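Colleague: Dropping the structure in here first, questions after.
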Amino acid sequence: MKLLSVCVPCYNSAAYMNRCIDALLVSGPAVEVVIVDDGSSDGTGAIADQYAAAYPDQVQAVHQVNGGHGQAINAGLAAATGRFFKVVDSDDWLAPDALHALMAKLTDSAYTAGLDMLICNFIYDKVNATHKKTMQFRHLLPTDRAFTWTSVHLPAGKYFLMHAVIYRTAMLKAAHLRLPAHTFYEDNLYVFYPLPHVKRMRYLDLDLYHYYIGRADQSVNEDVLIGRIDQQLRVNRAMIDFYQQTDFTDPALARYMRSYLSIITGISSILLLRAKTPAALAQKQALWHYMQATAPELHTQLRHGVVGWGVNLPGRVGRATSVGVYQALQHVYQFN
């Protein structure tokens, strides 16, 4: 059995996927690489097959009709045989030295006993940026010991992105994780849906994941985000629905998931404000009304929180202030 399965969703990734895959292969046969060719029309599928032929004990090539990033993760999870599971997008990569350190930890059965989720740092590797911003959780999470949700007290605006998490594969499969097809920004669902099944966590202070930002066609490009706002809103509503349908037995978990939802709803709201159209403002109002109608208690908690207050300032000046704060955070954290 492999220790770590890494799913690499690929759609027309021939120009850059080698960097991602080569960085994974250096850690040897304990790392399984599942390359999912999501109906590509370039040489992606052929490259995947070449890797599978060259590394038959380490690489799987999965080919599917185009179904989007979420469907590719579904296929990767179904094929995974490793004890732990991570997604690495084909234009991103894992730092080889950090991956070696990670694998040393995963080899330690005492370290991984009962572990559902492992959290590492990630780097915003933005093109032409002289300073690469690292998102880390030191001083925020316990280190060198396992912990539960009662120990998770992240400040407003900080949360676990897909780039930070490694899940226990059996836990994901037991949770029946299934992501929607042909939907952008479903990586939030990938992180959010399994959380009620996560009981035991560890934080490993490693700068593991390089999150590449810079291609004009990337889904996280702000103009692209605004153009695909319907996709963001679909995911946002799905998260609201999931939260409302979850029977929480752990108040600390519920608190964290509310915080996560407040951030995603805040992002949706700011993007709609940035669009600067009457239709977008109506969509923003509709999103908050949807939450109020389907999850009234959640709406009360989020609407009167820092993020809810900040993105709902009244009038043109209020909207400009909300966007200004967002732009300041954008400058500090270098996202998008």
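Colleague: Taking the Cα atoms only, what angle lies between the long axis of helix 44-54 and the longest principal axis of the chain, rounded to 10 degrees?
Modeller: In the chain, helix 44-54 runs at an angle near 40 degrees to the longest axis.
Colleague: While we're looking at this one, here's another question. Ratio of Rg to Rh for the chain, alpha carbon only, Kirkwood?
Modeller: 0.96
Colleague: Identify all lysines with a Cα-Cα distance to Lys132 below 25 Å; exclude those on the same chain that are fewer than 8 residues away in sequence.
Modeller: Excluding near neighbours in sequence, the set is Lys86, Lys158.
Colleague: Over the heavy atoms of Leu204, what accessible area does a 1.4 Å probe trace out, to the nearest 10 Å²?
Modeller: Surface accessible to solvent at Leu204 totals approximately 20 Å².
Colleague: Take the solvent-accessible surface of the protein heavy atoms, probe 1.4 Å, and return the percent of it on the chain that carbon and sulfur atoms account for.
Modeller: 55
Colleague: What is segment 75-212 by shape, rounded, prolate or oblate, if you read a ≥ b ≥ c off the alpha carbon gyration tensor as root eigenvalues and call it rounded for a/c under 1.5, prolate for a/b larger than b/c, and oblate otherwise?
Modeller: rounded
Colleague: Label-point separation (nm) for Met1 and Ala320, each offset 7 Å from Cα along Cα-to-Cβ?
Modeller: Each label point lies 7 Å from its Cα, and together they span 6.0 nm.
Colleague: On a 1.4 Å probe surface of the protein chains, which of Met201, Met135 comes out largest in accessible area, and what is the full order?
Modeller: These residues rank, largest area first, as Met135, Met201.
Colleague: I've got another one for you. Where does the chain land at 222 nm, in deg cm²/dmol rounded to the nearest 500, when only DSSP H runs of n ≥ 4 count, each adding -39500 (n - 2.57), divided by all residues?
Modeller: For the chain, the value works out to -14000 deg cm²/dmol.
Colleague: Got a sec to turn the phi values of segment 12-18 into Karplus ³J(HN,Hα) couplings, 6.51 cos²θ - 1.76 cosθ + 1.60 with θ = phi - 60°, whole Hz, x for Gly and Pro?
Modeller: 6, 9, 4, 6, 9, 5, 4
Colleague: Could you order His100, His176, His139, His299 so the one with the most accessible surface comes first? Probe is 1.4 Å.
Modeller: Largest accessible area first, the residues go His139, His176, His100, His299.
Colleague: Still on this structure: How large is the accessible surface of Asp144 in square angstrom, using a 1.4 angstrom probe and rounding to the nearest 10?
Modeller: Rounded to the nearest 10, that gives 140 Å².
Colleague: Would you work out if segment 91-159 is rounded, prolate or oblate? Take a ≥ b ≥ c from the square roots of the eigenvalues of the alpha-carbon gyration tensor; rounded if a/c is under 1.5, else prolate when a/b is larger than b/c, oblate otherwise.
Modeller: Oblate is the answer for segment 91-159, as a/c is 1.5 or above yet b/c matches or exceeds a/b.
Colleague: List every residue whose amide H lies under 5 Å from the amide H of Lys126, counting only residues 5 or more places away in sequence or on a different chain, with H placed 1.01 Å from N in the peptide plane.
Modeller: For Lys126, the qualifying residues are Lys133, Ile213.
Colleague: Something else about it: For segment 47-144, go through all pairs of different Cα atoms, get the mean of 1/r, take its inverse, and jot down that Kirkwood value in Å.
Modeller: Every distinct Cα pair counted, the radius reaches 16.5 Å.
Colleague: Could I ask something else about it? Amide H neighbours of Phe84 under 5 Å, counting only residues 5+ apart in sequence or on other chains, H built in-plane at 1.01 Å?
Modeller: Leu4, Ser5, Thr169
Colleague: Computed FRET efficiency, Cβ-Cβ of Thr294 and Ala181, R0 22 Å: what is it to the nearest 0.05?
Modeller: Calculated value: 0.40.
Colleague: If r is the Cβ-Cβ distance from Asp97 to Gln244 and R0 is 45 Å, what FRET efficiency results, to the nearest 0.05?
Modeller: FRET efficiency, Asp97 to Gln244: 0.55.
Colleague: Please give the contour-minus-distance gain from Ala30 to Thr143: 0.36 nm per residue of separation, less the Cα-Cα distance, rounded to one decimal in nm.
Modeller: Using 0.36 nm per residue and subtracting the Cα-Cα distance, I get 38.2 nm.
Colleague: Over the chain, what is the relative contact order in whole percent, taking alpha-carbon pairs under 8 Å and six or more residues apart?
Modeller: That works out to 17 percent.
Colleague: Apply the Karplus curve 6.51 cos²θ - 1.76 cosθ + 1.60, θ = phi - 60°, to the phi angles in segment 308-315 and return the couplings in whole Hz, x for Gly and Pro.
Modeller: Result, ordered by residue: x, 5, x, 9, 10, 5, x, x Hz.
Colleague: Per residue, how much accessible area does the chain show when a 1.4 Å probe rolls over the protein heavy atoms, in square angstrom?
Modeller: 43
Colleague: Please list 3J(HN,Hα) in residue order for segment 151-164, calculated via the Karplus relation 6.51 cos²θ - 1.76 cosθ + 1.60 where θ = phi - 60°; whole Hz, with x for glycine and proline.
Modeller: Result, ordered by residue: 9, 9, 9, 7, x, 4, x, 10, 7, 8, 7, 3, 5, 8 Hz.
The values are calculated or read from the model by the stated rules, or taken from the named source; none is laboratory data. None of these values were measured; they are calculated from a predicted model. Glycine gets a Cβ as well: all are built from the backbone with ideal geometry, and neighbour counts include every protein chain shown. Side chains are part of the model used for accessible areas, which takes the heavy atoms of the whole protein and leaves out ligands, DNA and RNA. Shrake-Rupley method; radii C 1.70, N 1.55, O 1.52, S 1.80 Å.
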